[in-house]
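To keep things clear, I will list the structure first and then write my remarks on it.
The values are calculated or read from the model by the stated rules, or taken from the named source; none is laboratory data. Remember, it's a predicted structure, so these values are computed and weren't measured experimentally. Cβ sites come from the backbone with ideal geometry, for glycine too, and all protein chains shown count toward neighbours. The protein model used for the area step is the full one, side chains on, heavy atoms only, and it has no ligands, DNA or RNA in it. Shrake-Rupley method; radii C 1.70, N 1.55, O 1.52, S 1.80 Å.
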Amino acid sequence: MNPRGIEVVAIGQSATYARTVTDDDIARYADLSGDDHPQHVDAAWARKTRFGGRIAHGALLVGYMSAASTRWVRRWLEGRTTQSTVSYGYDRIRFVKPVFPGDTIEVTHEVDTIDTSSGKFVAAVTARNQDGVVVAAPEADDEAALLLERGAEGDELADFVAGDDDAVGGVRHGGGVFAAAAYLAFDGGQEDFH
């Protein structure tokens, strides 16, 4: 018998994703997202700011966090369970240092809390530059424990993401799309979530 996904998750399991941010990455993200703020796309304008140059979008770093999560799935779940995971988001992400073109960012995704009865777990996620300086990280908040009931969907899930504290059994989660850390759950054997 194939084990439940949560049965193969262990505290301390980790994975990383690293990438050197390029001018092209920033330009492509600005085009894709529509965020063409001059801090990201106008070198002359950005030189006059406190950063002294263009910086990467914070949301680009969130994409790197997602990539680290995917590496974790490949490293620790593939071949060990057929259940897939779904990410319910990140909470209170802070972009604490600027990321410049040429910086190499390494994101670590490490399991730090497991709730086997609900099939949910939380991972600490941190992004550091080539000097080991933290550039982005969620802020831990025990009240932000995301314990969605298996199968939450539709209006119930929309209320949760929107920050309705009464949604999904009254669990507080901090609200917003970046719903401390990465929250993941197993899908209960239903269709895969992406």
Which one of these is among the aliphatic types (A, V, I, L, M) and surrounded by 14 or more Cβ atoms within 10 Å (Cβ to Cβ): A44, A10, A30? A30
Of the criteria (1) closer than 18 Å to P138 by Cα; (2) in contact with a Gly (Cβ under 8 Å, 6 or more places away or on another chain), which one G63 fails: (2)
Need pairs with beta-carbon distance below 6 Å; first residue open to solvent by 60 Å² or more (accessible area, probe 1.4 Å) and within segment 62-81, second at pLDDT below 95 and in a helix (DSSP H, G or I); sequence gap 6+ or separate chains. R80/V8
May I ask you to list pairs of residues, at least six apart or on different chains, whose Cβ atoms are under 7 Å apart, with the first in segment 11-25 being within 16 Å of N129 (Cα to Cα) and the second being surrounded by 16 or more Cβ atoms within 10 Å (Cβ to Cβ) and of a type in the set (V, I, T)? T16/V107; T16/T108; Y17/V107; A18/I105; R19/I105; V21/V99; V21/I105
Enumeration of residues in segment 49-89 that are assigned to a loop (DSSP other than H, G, I, E, B), of a type in the set (K, R) and under 19 Å from I114 (Cβ atoms): R80
If we keep only residues of segment 90-101 that are assigned to a loop (DSSP other than H, G, I, E, B) and open to solvent by 50 Å² or more (accessible area, probe 1.4 Å), then the residue farthest from D23 (Cα to Cα) is R92
Considering each of I26, I6 in turn, give the residue that is part of a helix (DSSP H, G or I), under 26 Å from A137 (Cβ atoms) and at pLDDT 95 or above. I26
